[in-house]
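Accompanying notes for the structure given below.
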Amino acid sequence: MRKAKVPKLIPVLILFGPTASGKTALAEQLFTGPNALCRAEIVSADSMQVYRGMDIGTAKPDKDLQKRLPHHLIDIRNPDEQFNTGDFVRLADIACTDIYSRNALPLILGGTGFYIKNFIFGLPAAPSSDPALREVLRAELEHKGREVLWEELAALDPLSAEKIHKNDSYRLIRALEICRTSGLPLQALPAEAAGERPVYHFLTVGLHLPREMLYDRINLRCEDMFCRGLHKEVQSLFLQGYNPDHPGLRGIGYREFFVKDTETAKWRLSTDIEGIKALVARNSRRYAKRQETFFKSIPDIVWLSGLDYPAALDHLSSMIYTALDNTT
């Protein structure tokens, strides 16, 4: 009998952690310069860095770093275009296969836990609840009203909209959560995760810092973003016609700038920069806490401390060499 062909494993390093935990700096230390461990390319697992024109508020890596350490899934959508978990898994599969075919190590880097978990385990039949997205939908329900959200559902999933009354907030939010996460109406979701995906050997690494230190770093990053002109970036996007009705501008660091005029029901920019800054910092800290909670649901994580950076570098270097040896 002919032996079954065993597919070759593609080694993939997954490096994640809450916002401002030092993920990009660690990747730069490992994979750039004369002492780089190996050739690597980053697949961004950041739900906001996919959007063009949103550089400062998403802490997007600068062009110099992108030249020295190539990035994928950055600047691939306009702020008014949807990008969901299904899009990420599909495009990340393509990117990892392409990177490995050129003898480089694929590195999934980011803090969008839902993307990372579904990349590791594949897409479920119906997406699990995404607390961050659900919070966004609840805010939209409060500010826009049920009618607007129901009309969005009717456009995305007409059959579900027929079965859900506009006043049924729970089912309305859940149906929109599924549509935005999967990019599909409920009826089109597969009975189980579909499609043959590449076979990976994962090395899953998480960075953590003491809560107080992490919050201090978030506050400093927020201050730096405003010093670099975050308000001007948001103003430019607004002048191009973008606002929180569009997916890109719903993210932290952008939606806080907007208020809805009570008379015209139109969006305008707040002039209270200090108040906006405080909101961005607070929302970022809350998001980091949710990230840490979500990451605990991902098994087989090797946690490294951001407090001892040299030790983290040494430990991760050793693990990467071992992982590469096991797949060659």
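Just one of 20, 45, 27, 36 is free of Cβ contacts under 8 Å to residues at least 12 places away in the same chain and either in contact with a Lys or Arg (Cβ under 8 Å, 6 or more places away or on another chain) or assigned by TED's automatic domain parsing to the domain that holds residue 119 (or both); which is it? Result: 36 is the single residue among 20, 45, 27, 36 that is free of Cβ contacts under 8 Å to residues at least 12 places away in the same chain and either in contact with a Lys or Arg (Cβ under 8 Å, 6 or more places away or on another chain) or assigned by TED's automatic domain parsing to the domain that holds residue 119 (or both).
The single condition from (1) modelled with pLDDT under 95; (2) part of a helix (DSSP H, G or I); (3) touching a helix residue (DSSP H, G or I) at 6+ places or on another chain (Cβ under 7 Å) that residue 198 fails is (2). Looking for something within 18 Å of residue 250 (Cβ to Cβ), of a type outside the set (Lys, Arg) and surrounded by 13 or more Cβ atoms within 10 Å (Cβ to Cβ) - is there at least one such residue anywhere in the stretch 158-172? Yes, some residue in the stretch 158-172 is within 18 Å of residue 250 (Cβ to Cβ), of a type outside the set (Lys, Arg) and surrounded by 13 or more Cβ atoms within 10 Å (Cβ to Cβ). Restricting attention to the stretch 267-288 and to residues that are of a type outside the set (A, V, I, L, M), assigned to a helix (DSSP H, G or I) and in contact (Cβ under 8 Å) with a residue 12 or more places away in the chain, the residue that is farthest from residue 222 (Cα to Cα) turns out to be 287.
Across the stretch 73-123, the number of residues qualifying as polar (S, T, N, Q) and under 24 Å from residue 287 (Cα atoms) comes to 6. No other residue among 68, 102, 39 is in contact with a Ser or Thr (Cβ under 9 Å, 6 or more places away or on another chain) and surrounded by fewer than 22 Cβ atoms within 10 Å (Cβ to Cβ) apart from 68. Kindly check whether there is at least one residue in the stretch 62-72 that is farther than 22 Å from residue 284 by Cα, at pLDDT 95 or above and hydrophobic (A, V, I, L, M, F, W, C). So far as the stretch 62-72 goes, yes, one or more of its residues are farther than 22 Å from residue 284 by Cα, at pLDDT 95 or above and hydrophobic (A, V, I, L, M, F, W, C). Scoring residue 71 on the criteria (1) within 13 Å of the chain's Cα centre (by Cα); (2) closer than 26 Å to residue 232 by Cβ leaves a single failure, condition (1). Selection of the stretch 48-71 for residues being acidic (Asp, Glu) and touching a residue at least 60 places away in the same chain (Cβ under 8 Å) yields only 55.
In a residue-by-residue description of the stretch 258-266, the property of being modelled with pLDDT under 95 and not in a loop (DSSP other than H, G, I, E, B) applies to at least one position.
Contact map, the stretch 293-307: first residue surrounded by 11 or more Cβ atoms within 10 Å (Cβ to Cβ), second residue in a loop (DSSP other than H, G, I, E, B) and not acidic (Asp, Glu), Cβ cut-off under 6 Å, separation 6 or more or different chains; pairs are 306/21; 306/22; 306/209. A single member of 75, 80, 93, 87 is among the charged types (D, E, K, R) and free of Cβ contacts under 8 Å to residues at least 60 places away in the same chain, and it is 75. Only a single criterion out of (1) within 30 Å of residue 9 (Cβ to Cβ); (2) in a loop (DSSP other than H, G, I, E, B) is not satisfied by residue 307, namely (1). Residue selection: residue 176 fails the criterion of being part of a helix (DSSP H, G or I) and within 15 Å of the chain's Cα centre (by Cα).
The values are calculated or read from the model by the stated rules, or taken from the named source; none is laboratory data. Source: prediction; values computed, not measured. All Cβ positions, even for glycine, are placed from backbone atoms using ideal geometry, and neighbour counts span all protein chains on display.
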